[in-house]
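Here the structure is laid out as structure tokens; the discussion comes afterwards.
Just so you know, all these numbers are worked out from the coordinates, no wet-lab data involved. Predicted model, so just to flag it, every value in this text is computed and none were measured. All Cβ positions, even for glycine, are placed from backbone atoms using ideal geometry, and neighbour counts span all protein chains on display.
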Amino acid sequence: MVNVEFIGRLGADCEVLTSAKGNPYLRMRVATDEFKSKGERETAWMSVTYAGDRAVHVKEYLTKGKMVQVRGTERITLYTTKSGEPAYSRDVIADRVDFVSTGQQQKDEQQQEKPKQQPEPEVAKVESVPVQSTVTSDSDDDLPF
């Protein structure tokens, strides 16, 4: 058994399938790039199977071109092609699939969500995050505000 972890892009939208026992699972194709000398790039394709409750719920977010990080177990299957040539396939049974977004992806997604308008002046944006107080007291007298 070989454990693997890699980051790549989805080559197509994921598909939801059902096992013989009636359990849903996702199948996806993920492309990973290896950069060689002189700027050459070699792409390897991995077939990934991801089962479990979370798999079906994240399907709508796992669309073609999205970057994902996959952790799981690799399974190599040897077979013979129709022409009689030996070949192999590399499949991954995923334990975990996480979304990975780059700064450019976030900008692109934000631009798609905004209607086309006059360009906004550049202003630092601060997101407010609700904070849950952990102060417990019987009396309001000892609160700092």
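Quick notes on this structure:
- Computed FRET value (nearest 0.05) for D33 with K64, which takes r as the C-beta separation and R₀ as 25 Å: 0.95
- Projecting the Cα atoms of S89, Y79, Y61 onto the charge dipole of segment 25-97, computed from C-beta unit charges around the Cα centre, puts Y61 farthest toward the positive end.
- Backbone HN-Hα couplings from phi across segment 20-25 [Karplus 6.51/-1.76/1.60, Hz, Gly and Pro as x]: 4, 8, x, 8, x, 8
- Neighbour counting of Cβ atoms within 10 Å sorts the residues Y25, Y88, fewest neighbours leading, into Y88, Y25.
- Placing R0 at 22 angstrom, the Cβ-Cβ distance between V100 and V16 gives a FRET efficiency of 0.55 after rounding to 0.05.
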